[in-house]
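Have a look at the structure below before the remarks.
The values are calculated or read from the model by the stated rules, or taken from the named source; none is laboratory data. Bear in mind the structure is a predicted one, so any value in this text is a computation, not a measurement. Virtual Cβ from ideal backbone geometry, glycine too; neighbours counted across all protein chains shown. For the accessible areas, the whole protein counts, side chains as well, though only heavy atoms, and no ligand, DNA or RNA atoms are used. Shrake-Rupley method; radii C 1.70, N 1.55, O 1.52, S 1.80 Å.
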Amino acid sequence: MIHALVDIDETMLSVPEGINAKASSVMFKRVFGVDAHEEIIDNFGKTELGIIQEVLKKVGANKRTSEQEPSIVEIPEEAYRIWAQATAQELKNHPARILPGIPELLNALSKSPKVKLGLLSGNSELRAEEKLKSVGLDVFFRDPDTKQLNGVFGDMAAKREQLFDIIKQKATVNDRFIIVDDSLLGARMAQTHNIPMIMVATGKATEEQLRPFTPHVFPDFGANRWQQAVSLIEAM
């Protein structure tokens, strides 16, 4: 089985500018009592767990009051729940935009007998669900039995490359993987694990920045470029 592991933000959809920061600020205030948001750090492509830890460290809210070496505070489940709820509320008023060719790409891959769609996202599972549901893309990633989203998420590991380690633990000898992503962190993760990738320059990284990692770089999946991406995935 070929597992196509797809990123969410700026790969499949784009949320209006400032929405992620605003939603995260609600979470940081309510859960940790600090005035902060995710965009005070370089957050692009990072996991929610890693973002929360890094932001708390930057604002000095992650230190224990002891003589021992300062350690990262444990991130409660409440943080992911509130961040997801705040995101959902923002998206009601400021809808996300599906990127070109994505519905066609997902529809074709979901019908392929060779391919299983999954998510590899820096979002927590709760926030991933809210974003995908808001534009109707969640249906492509739901397990038919449990109805939960297939994939690995940003509340499972502090670093993006660690997410694929989780996938490998569950893989069989016949499983093959391909990453579909837009970020340099995603490209480096695929390179680290020697996994083929299809990159799309719909995020912060340009085609020129992504091309050293793979020849399969698209400006987007519009203009029927999604068909070429499907062929590449099925030909693995």
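Annotations for the structure displayed:
- In the stretch 138-149, the residues that are more than 15 Å from LEU120 (Cβ to Cβ) and either of a type outside the set (Asp, Glu) or part of a helix (DSSP H, G or I) (or both): ASP138, VAL139, ARG142, PRO144, THR146, LYS147, GLN148
- Any hit, the stretch 161-180, residues being modelled with pLDDT under 95 and under 20 Å from SER14 (Cα atoms): no
- In the stretch 1-22, the qualifying residues are those that are aliphatic (A, V, I, L, M) and at pLDDT below 95, and the one that is surrounded by the most Cβ atoms within 10 Å (Cβ to Cβ) is ILE19.
- Search result, residues across the stretch 150-174 that are over 12 Å from the mean Cα position of the chain (by Cα), in a loop (DSSP other than H, G, I, E, B) and either within 21 Å of LEU109 (Cα to Cα) or not aliphatic (A, V, I, L, M) (or both): ASN150, ALA171, THR172, ASN174
- Selection within the stretch 202-236 - open to solvent by less than 60 Å² (accessible area, probe 1.4 Å), assigned to a loop (DSSP other than H, G, I, E, B), touching a strand residue (DSSP E or B) at 6+ places or on another chain (Cβ under 9 Å) and not β-branched (Val, Ile, Thr): GLY203, ALA205, PHE213, PRO219, ASP220, PHE221
- Residue match in the stretch 96-113 (condition: open to solvent by 30 Å² or more (accessible area, probe 1.4 Å), within 25 Å of ARG81 (Cα to Cα), part of a helix (DSSP H, G or I) and at pLDDT 95 or above): no
- Residue count for the stretch 188-201, restricted to those that are in a strand (DSSP E or B), among the β-branched types (Val, Ile, Thr) and more than 24 Å from PRO16 (Cα to Cα): 1.
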